[in-house]
Amino acid sequence: MAGIGTKLTNIFEKDTVTTDLIGFGYSSISTVAPMFAVILNILLMGHFLKFSELGFVERELFSCTVLYIFIFALLTASPFNSVLSKYISDVIYEERYEDIRPCYYLGLLMNLLLSCLLGIPFCLWEHFVGKVDVFYVFIGYCGYIALVLVFYSMLYLSIAKDYQKISLFFFLGMLEAFFLSLFLRYVMHWGIRESMLFALMTGFYFIAFLEIAVVKRYFGRSSNRYRSVLRYFRKYWQLVVSNFFYTLGLYIHNFVFWTTDMKLVLVRTFVCNQPYDMATCLAMFTNLSATVIFITRVEMHFHEKYKGYSEAVIGGKGADIDTAKREMFRQLSAELVNLMRIQFIITSVVYLLCVVFLPRFGISWLTIRIYSCLVAGYFILFIMYSEIIFLYYFNDLTGAALTAVSFCLVTFLGSLFATHLSELWYGIGLVMGAFTGWTVAYFRLRYMERHLDAHIFCKGSILKPGMGTQPPGKVYDRAAQN
């Protein structure tokens, strides 16, 4: 995240309403613009291709296909991204840039293998059991693989601090997809559903190719050292656990409600829960500004305190280290409090607007009732994720893993319990899970504050560890006295 801090500081330091708006817009473009580009493109394609004229089954089949593509592309990428990000950061710090390309290729191979192993059986089931035509199944599978490539390559551009290019590539890819959908529908006379899905698939591949080209241009040399990448997965397995269970926790409550009587089963393959899934989407968007606020404030304030503490550890006196540590944790507490205060105001206003206006746009009252509890859950969830990022700052990988596992497990159990309640409390599982994760992360941060000196200065070993015969315990012989 350290790539946009200087730019944000230069924008906000003028302290005017105009610069505040510019800074918020800049940070939004750098963080959440790609997702909005995809959503806007799907809405525009649906409007101009008259998607609403399709039958119910065809509309829902397209919606479920896109939903599954995004969910499972994120899930299959989650075990790799955090470890590879750690490896790349260490390589850049040590200026071993020739090791990045082997990391890219090996990580890509592992990610694609896992994605294909999960995707192929599902597609075979979709065709042979669900009786969906081969062409549509193949397009959906290609779109899934394309999005896997997009999410994977985004990691390397983020490490290279090229957030603006990510947003630009998404804009170009979705622009290409929009015009291609019009061409396929009105010139080639394809079906509406096929035109939209095929165009979306080509847009994802276009984004992926642009990202891959930039990655290869940035990291042109290759050391062909692949074994060191695999060693990182063994050494930092907590990162695999924390990132996977956090991502799984984002959707596990949806998976639970896909098994209830409210579920919708399409072509004996796709399962969804329309009211609950729509409420989840609305709740996530309501609190999405927390991501922008957190990144903005951490880049502008906390990162400088963290850098000051690191410099004090390297060459400062004991008193300087203690002072820097106190200032750093004081800033950390201030950032969490400010994030909760600002996001609470935003969430309250957006929630009120949604409750008042969304029913007028066709959103059912059942969705609104479910949304009421979920919006509180996502509010706590994004605060919890901010704490996980702080745990990463202090290299507390065990604390991050405990936070993610507890969040996922309690969300799952709480959602099972919530299925027996009224729809107003369907989201209580997410609230319980997010609050549990937030509590675990809070106490881990307090633990790190009390034991940071031992964590920083008492790790490692004087002698380089290695395999072999243990040396004798005798150090020297005392000379015999005459």
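The values are calculated or read from the model by the stated rules, or taken from the named source; none is laboratory data. All values derive from a computational prediction rather than experimental measurement. Every residue, glycine as well, gets a Cβ built from its backbone with ideal geometry; the counts of neighbours run over all protein chains shown. Areas reflect the complete protein model, heavy atoms only, side chains present, ligands, DNA and RNA absent. Shrake-Rupley method; radii C 1.70, N 1.55, O 1.52, S 1.80 Å.
So, counting K/R as plus one and D/E as minus one, what does the shell of residues with Cβ under 14 Å around Arg450 add up to? Walk me through the numbers before you get to the answer.
Numbers: positive: Lys325, Arg326, Arg444, Arg446; negative: Asp322, Asp396, Glu449, Asp453.
Once all neighbours under 14 Å are counted, the net charge is 0.
With the simple model of a label 7 Å out from the Cα in the direction of the Cβ, Tyr105 to Leu44 spans 3.8 nm.
For a quick protection proxy, order the peptides 260-269, 310-319 by their average other-Cβ count within 10 Å, most packed first. If you can, show how the numbers build up before the last one.
Values: 260-269: 14.5, 310-319: 12.0.
Result, highest mean first: 260-269, 310-319.
The HN-Hα couplings worked out from phi for region 369-381 by the Karplus form 6.51 cos²θ - 1.76 cosθ + 1.60 (θ = phi - 60°) are 5, 5, 4, 4, 7, 5, 5, 5, x, 6, 4, 5, 4 Hz, whole numbers, x standing for Gly and Pro. The distance linking region 402-457 with region 239-278 is 19 Å (Cα centroid to Cα centroid, whole angstrom). Rounded to the nearest percent, how much of the accessible area of region 274-425 (1.4 Å probe, protein heavy atoms only) is carbon and sulfur? Carbon and sulfur together cover 69 percent of it.
Which aspartates and glutamates does Lys305 reach when only Cα atoms under 20 Å apart count, and residues fewer than 8 places away in its own chain are ignored? Correct list for Lys305: Glu13, Asp320, Asp322, Glu327, Glu335, Glu387, Asp396, Glu449, Asp453. On average, how much accessible surface per residue is there in the chain, in Å², for a 1.4 Å probe, leaving out ligands, DNA and RNA? With the other protein chains kept in place, the chain gives 51 Å² per residue.
Among 320-331, 392-403, how do they line up by average Cβ neighbours within 10 Å per residue, starting with the highest?
392-403, 320-331
State which entries of Lys50/Lys263; Lys86/Lys317; Lys131/Lys263; Lys235/Lys474 exceed 22 angstrom in Cα-Cα distance in the structure shown. Walk me through the intermediate numbers first.
On the way: Lys50/Lys263 26 Å; Lys86/Lys317 29 Å; Lys131/Lys263 20 Å; Lys235/Lys474 33 Å.
Going by Cα-Cα distance, Lys50/Lys263; Lys86/Lys317; Lys235/Lys474 fall outside the 22 Å limit.
The residue among Gly249, Thr259, Leu445 whose Cα reaches farthest toward the positive pole of the charge dipole of the chain, with charges on the beta-carbon of Lys, Arg, Asp and Glu, is Leu445. 3J(HN,Hα) along region 429-436, derived from phi through the Karplus expression 6.51 cos²θ - 1.76 cosθ + 1.60 where θ = phi - 60°, amounts to x, 5, 4, 5, x, 5, 5, 5 Hz, with x in place of Gly and Pro.
Taken one residue at a time, the phi angles of region 190-204 give Karplus couplings (6.51, -1.76, 1.60, θ = phi - 60°) of 6, x, 4, 4, 5, 4, 5, 5, 5, 5, 5, 4, 5, x, 5 Hz. Gly and Pro are set to x.
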